[in-house]
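Read the structure below first, then the notes.
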Amino acid sequence: MTRKKVAILISGRGSNMATLIEAAQAADYPAEIVGVLSNRASAPGLALAASHGLATASLAQSKFPSRDMFEDTMTQVLESWETEIVCLAGFMRILGEDFVDRWQGRLINIHPSLLPAYKGLHTHERAIADGATEHGCTVHFVTPGLDEGPAILQARVPVLATDTPETLSARVLVEEHRIYPQALRMLAAGEVHI
């Protein structure tokens, strides 16, 4: 089996990254993680990735004169790892159209809501404030519009009367960790396409 080479982009602790790394350790998983790139040198996920023997890199957008130059450099790093699929796992930057187009159909994200509901940030707070009865997460293809790409997988959780944003987030995160490796498996195996 030829395994697809996957790079993961993070900004923080990398809990979804960790589940992808763990899934890829299975001999029958159709993807291998080749590197982790962060826009924050202090992201704890970089140390975790390095502890698994993965290539790591950090690039601060503030060090570049433009977003295009930052993203061109990201692409150079990804290409140096022979990346075929890019997974966003808490990468807290909106990507430009040129970068998204370059990786079209091979760039996926995990978002903490049942898209198209609650695009953007603060999804758990917004769901509770709206009185939503269910919430969840979505793995989707990335397109130029924010959180607008086609869904690959979704998982639902009930919103409880006693929920805080923190308790709801914790239940959603369990589902994120379950469906992100499944969605990457589907993409790497050629079972889903944009």
| task | Give the relative contact order (percent, whole number) for the range 82-138; include only Cα pairs under 8 Å separated by 6+ residues. | result | 34 percent
| Within straight cross-link reach of Lys63, meaning Cα distance under 15 Å, which aspartates and glutamates are found once same-chain residues fewer than 8 apart are removed? | Glu71, Asp72
| query | In debye to the nearest 20, how big a dipole does the chain give about its Cα centre with +1 on each Lys and Arg Cβ and -1 on each Asp and Glu Cβ? | reply | 300 debye
| request: Could you list the residues of the range 95-115 with an amide nitrogen less than 14 Å from a label point located 7 Å from the Cα of Asp68 in the Cα-to-C-beta direction? | output: 96-100
| message | Based on DSSP loop calls and a cut-off of at most 12 other Cβ atoms within 10 Å, the longest stretch of the chain free of exposed GluC sites (Glu not before Pro) is what? | response | 83-190
| Say each of Glu191 and Lys119 gets a label point 7 Å from the Cα, pointing the same way as Cα to Cβ; how far apart are those two points in nm? | 2.8 nm
| What FRET efficiency do you get for Ala161 and Glu22 if R0 is 35 Å and r is their Cβ-Cβ distance, rounded to the nearest 0.05? | 0.55
| Between helix 15-24 and the chain: long-axis angle, C-alpha atoms, 0 to 90°, nearest 10 | 60 degrees
| field | Listed residues Leu95, Ser113, Ala151: farthest to the positive end of the dipole of the range 76-173 (Cβ charges) | value | Ser113
| Mean Cα-pair separation over length for the chain, i.e. relative contact order, pairs under 8 Å, 6 or more apart, % | 20 percent
| Acute angle (nearest 10 degrees) that the helix 165-188 long axis makes with the longest principal axis of the chain, alpha-carbon atoms | 40 degrees
| Per-pair calculated FRET efficiency, R0 = 35 Å: Gln182 and Ser80 via Cβ, rounded to 0.05 | 0.80
| field | Under-5 Å amide H pairs with Thr143, H placed in peptide plane, nonlocal only | value | Glu148, Gly149
| remark: The answer for the per residue Cα convex hull volume of the chain, in Å³, is 115 Å³
| request: May I ask you to derive the relative contact order of the range 103-189, considering only C-alpha pairs under 8 Å and at least 6 residues apart, and to give it as an integer percent? | output: 31 percent
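Coordinate-derived values only; no laboratory data. None of the values given here were measured: they were computed from a predicted structure. Cβ sites come from the backbone with ideal geometry, for glycine too, and all protein chains shown count toward neighbours.
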